[in-house]
Structures are given as structure tokens and as C-alpha cells.
């Protein structure tokens, strides 16, 4: 395993665990740690973003250039993730299963639309 892959693995794992722990802290009412959870989750997100830059630097790749297509891809990914998450919340938190499944499927379709958006159709 190359050093760059190992560094990305470690940083990505730590960032993911911190993000997940922060979300649990923020959303589990019995823990009563909403503010601390948001801080820990934000630290996890920042660490995940740092992972991308560290890996690209170690692989001697050019910095990411933000173009219109990149911005659109990021926007579609965010919208799809939020819609998918709302569907999960409808099912798991509010016990509104049919609506939650439909909204979740719409989120999945939006996320699947990223493949032709990014790779194109041939």
C-alpha cells in the first residue's frame, strides 16, 4: 500500500468516525449534547476535506479546479443526499413509511443521476 493511500485511509476513517459520532451526539436526545455534536461533526467534515487535499498533494495531482460542471455536480450531490436523508427521517423518525420510501427513492434517483452527469453517456 502506498503512503498516500494509507494516509487517506487513516484521515478518511478518523474524519468519518468523528462526523458519525457528532451526528449521534447531536441527534440522540438522551445524550443532551447538541452543540458539542455539531462541533465534533464539523471537525469530522473538515478532516474529510483535508483528506482530499492531502491525498492529491501526495499523489502529485493538480489542484481541483472549480468549473461550472463541478459546481453543478456538487449541487446535485448535496440535493440528492438531503432528499435521501429526508426520506430516511420520514421513515425512521416520523413513522411515515410510504412517503419516506417515495422521497428516499427520489433521492436515490438524483444520486444515480450523478453517474451520467460526471462520466457522460456514450
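If I take every Cα pair under 8 Å that is 6 or more residues apart in the chain, average their sequence separation and divide by the length, what percent do I get for the relative contact order? Write down the numbers at each step before the final one.
Working: 128 pairs, mean separation 23.0, N = 122.
Reported relative contact order: 19 percent.
What FRET efficiency would be calculated for the residue pair residue 3, residue 79, taking the C-beta separation as r and a Förster radius of 25 Å, to the nearest 0.05?
Working: r = 36 Å, r/R0 = 1.43.
With a Förster radius of 25 Å, E is 0.10.
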Estimated inter-spin distance, residue 33 and residue 106, nm [label 7 Å along Cα→Cβ]: 3.5 nm
Structure-based [θ]222 nm, the chain - -39500 (n - 2.57) summed over DSSP H runs of at least 4, per residue, nearest 500: -27000 deg cm²/dmol
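Starting from the Cα-Cα distance between residue 65 and residue 45, subtract it from 0.36 nm times their residue separation and give me the gain in nm to one decimal. Before the final figure, lay out each step's value.
Working: separation 20, 0.36 × 20 = 7.20 nm, distance 2.02 nm.
My answer for the length gained is 5.2 nm.
What whole-number volume per residue, in cubic angstrom, does the convex hull of the C-alpha atoms of the chain give? Present the calculation step by step, with values, prior to reporting the outcome.
On the way: hull volume 17.8 nm³, N = 122.
In the chain, the Cα convex hull volume per residue is 146 Å³.
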Gaussian network model of the chain, Cα within-10 Å springs - most flexible of 79, 110, 93: 93
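Each reported figure results from applying straightforward, stated rules to the coordinates on display, with no laboratory input. Keep in mind the model is a prediction, meaning the values are calculated, not measured. With ideal geometry, Cβ positions are generated from the backbone for all residues, glycine too; neighbour counts draw on all protein chains shown.
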